[in-house]
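See structure below.
The values are calculated or read from the model by the stated rules, or taken from the named source; none is laboratory data. Please read these numbers as outputs of a predicted model, since none were measured by experiment. FYI the Cβ positions are ideal-geometry reconstructions off the backbone, even for glycines, and counts take in every protein chain you see. With ligands, DNA and RNA removed, areas are computed over all heavy atoms of the protein, side chains included. Shrake-Rupley method; radii C 1.70, N 1.55, O 1.52, S 1.80 Å.
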Amino acid sequence: MGYHETYSPNGWKWLGFVSAVWVQAISGNNYTFSNYSDAIKTLMNLTQLELNNLSVAKDIGKAFGLLAGLASDRLPTPVILLIGAIEGLIGYGVQWLVVSQKIQPLPYWQMCIFLCMGGNSTTWMNTAVLVTCIRNFRRNRGPVSGILKGYVGLSTAIFTDICSALFSDNPAKFLIMLSVIPFAVCLTAVFFLRETPQSVSVAAEKEEARYFAIFNVIAVVVAFYLLAYDFIGSTNQVFSLVFVIILLVLLASPLAAPVYSFYKSWRLVRFEPDVERREPLLEQEANATAEAAERNEVINDEPPVAVDEAVVVEKSRPVIGEDHTIFEAMRTWDFWLLFVSFLCGVGTGLAVMNNMAQIGLALGHADISIF
């Protein structure tokens, strides 16, 4: 039983990472404003300046991501995911009601609030996913964050191409996708995304590196597949349906990692002799008991000054790579360097993306989805 417990967390850890990849693959809805902005502009009879201000309200929602960060230290991951899912369902759901003309266009200030909610919903999803996965893979924080943020970048293309293939870029149906699909995916991830015990063996680290390489390859394949469809375009309904099915299979393919991990754990438990499984456990328990006794002796023999020094070391500021509170982070140059970089870099990118539809239409392009 003990041996099984030693190995089985790996499978759950990878299953959690796959669910995190799926959450990231649908959490880029904040970057899709261009796909339905023209419909909102027409229905609400907005000027270009008013439409820009509406997109600013959407982006301001991400500024409240600090709330998700603070909550991540106090609330479990499933609760944070649920908050993001419900907020997105409401924010994009109301926009769908307006664009589909199920209700009369809301006052301008109310639309600003619902766009802000939609923008803020992704911060809860991203925080839940990144914080949990980085804690689960402390020795591979770089690959983890890179892969997950890469799927965020793909999410806009995934939503756009699926809507283009199935619904001919219908803005109302696009918005219902943005509200329902993230909600359903987050509800699924609630059951699998959670912190798991850390693996410290060299073999486990090598296995993680191999798995991350596979996840990277899958992401690149998905990217090229989406790009190929953008250039080819939808020729008929059957072709579009086949494209969507293959895309869903590609997005589901990372499940091979946890399935293989569970299978390997089952084989180790099923086929190794029971004695071989139990002996290492007895040795580990004996070693742990001896080490604990030695630590107690050392602590009891230390003078009061040594204890005081240990307390001082414990209270020292964490270094890069360790967990920081928000207030500890704000006292470092690294935090402010990142803050200014995101403020300038991401801000300009969002400004272009929010206006991509209007730029494309002004240049005479009837279909701006490829941008």
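Brief remarks on what is shown
- Based on alpha carbons, the Rg and Dmax found for the stretch 325-370 are 17.3, 51 Å.
- Full-stretch length increase - Ile113, Leu343 - with 0.36 nm per residue and alpha-carbon distance subtracted: 80.6 nm
- Sequence of Glu207, Glu87 when ordered by accessible area, the most exposed leading, probe 1.4 angstrom: Glu87, Glu207
- Modelled label reach - Glu50, point 7 Å along Cα→Cβ, the stretch 106-147 residues with backbone N closer than 13 Å: 106-112
- Kirkwood hydrodynamic radius of the stretch 10-260, Cα pairs, Å: 18.9
- Positive contributions from Lys and Arg (+1) and negative ones from Asp and Glu (-1), summed over other residues with Cβ under 13 Å from the Cβ of Cys163, come out at -3.
- Computed over the stretch 144-190, Kirkwood Rh from alpha-carbon pairs, angstrom: 11.6
- Residue list for the stretch 156-199, given a label point 7 angstrom along the Cα-to-Cβ vector of Lys102 and an amide N cut-off under 13 Å: 172-181
- Once the convex hull of all Cα atoms in the stretch 94-228 is built, its volume per residue stands at 121 Å³.
- Accessible surface of the stretch 10-260 [probe 1.4 Å, protein heavy atoms]: carbon and sulfur percent: 70
- The stretch 325-370, accessible surface, carbon-and-sulfur percent (1.4 angstrom probe): 77
- Relative intensity, log₁₀ I(q)/I(0), of the stretch 194-270 from a Debye sum that treats every alpha carbon as a point, q = 0.13, 0.22, 0.23 Å⁻¹: -0.58, -1.07, -1.12
- Percent of Cα-Cα distances greater than 25 Å, calculated over the stretch 1-103: 41
- Ordering of 20-28, 43-51, 190-198 by burial proxy (mean other Cβ atoms within 10 Å per residue, highest first): 20-28, 190-198, 43-51
- On a per residue basis, the stretch 10-260 carries 43 Å² of accessible surface, using protein heavy atoms and a 1.4 Å probe.
- Neighbours of Ala39 by Cβ distance under 13 Å: Lys/Arg scored +1, Asp/Glu scored -1, total 0.
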